[in-house]
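See below for the structure under consideration.
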Amino acid sequence: RIWPYCLAISDETKLDMLHMKNAYFGSAQCSFGERVNQWGGELDVAFEQASIGFSVDAFIVTFNPPFPNRIKIDVDGLDGAIARGMTRTVRDERVRSVLIEIDQARTGELEEVTRIMAEGGLELRNPPPAGGWIESNNFCFTRPGF
């Protein structure tokens, strides 16, 4: 039911470098294109690999994979770029929800992602807590009725 592919997802289709803090299975803090960590600073890179990147929209148009119903995005800093590259996809009513992790240090990213999701008909179900963010939060956008 899940089809993993070895490629980068961003806001455009391009060849670039995948920068990794380490090469351990399941590790975090990787970046595609720029050597930037999730807080906007320089990423401490231990390994780099040439990679192909696609926007979600371009990947779906190019390869016609099974269409996603639920999307989870947690990529340590590229969350906004990925959202920008999936505007067509989230407008499709088959997408029922998008769960996206956003770090509070990335000023304006939640507002941008919320706008993109709203234009696609998805509503933010869990706004930031009244007492303030934790370091990063998972925000859930769902289509009404699901």
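The values are calculated or read from the model by the stated rules, or taken from the named source; none is laboratory data. Quick caveat, the model's predicted, so the values are computed rather than measured. Reconstructed Cβ throughout: ideal geometry from the backbone, glycine too, with neighbour counts over all protein chains shown. Side chains included, ligands, DNA and RNA excluded: accessible areas come from the protein's heavy atoms. Shrake-Rupley method; radii C 1.70, N 1.55, O 1.52, S 1.80 Å.
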- Express in % the proportion of alpha carbon pairs of the chain at distances exceeding 28 Å. 18 percent
- Query: PRE reach from THR87 (point 7 Å along Cα→Cβ): which of the range 1-40 fall under 19 Å by backbone N?
  - Reply: 9-14
- Query: Can you give the longest stretch of the chain with no exposed loop site, where a site means trypsin sites (Lys or Arg not before Pro) in a DSSP loop (not H, G, I, E or B) with at most 11 other C-beta atoms within 10 Å?
  - Reply: 2-93
- Query: Which chymotrypsin sites (Phe, Trp or Tyr not before Pro) in the range 1-107 pass both tests, a DSSP loop state and at most 12 other beta-carbon atoms within 10 Å?
  - Reply: TYR5, TYR24, PHE25
- Query: Label LYS14 and GLU123 with points 7 Å out from Cα along Cα→Cβ: what is the distance between them in nm?
  - Reply: 3.7 nm
- Note on the structure: Per-residue ellipticity at 222 nm attributable to helices in the chain (runs of n ≥ 4 DSSP H, -39500 (n - 2.57) apiece, nearest 500 deg cm²/dmol) works out to -5500 deg cm²/dmol
- Message: I'd like the carbon and sulfur percentage of the solvent accessible area for the chain, probe radius 1.4 Å, heavy atoms only, ligands and nucleic acids excluded.
- Response: 53 percent
- At ASP74 and VAL36, where each label point lies 7 Å from the Cα along Cα→Cβ, what is the point-to-point distance in nanometres? 2.2 nm
- Message: Only bridges whose two residues both fall in the chain count here: according to DSSP, what percent of them are antiparallel, nearest 5?
- Response: 75 percent
- Solvent-accessible heavy-atom area per residue, rounded to whole Å², over the chain at 1.4 Å: 59 Å²
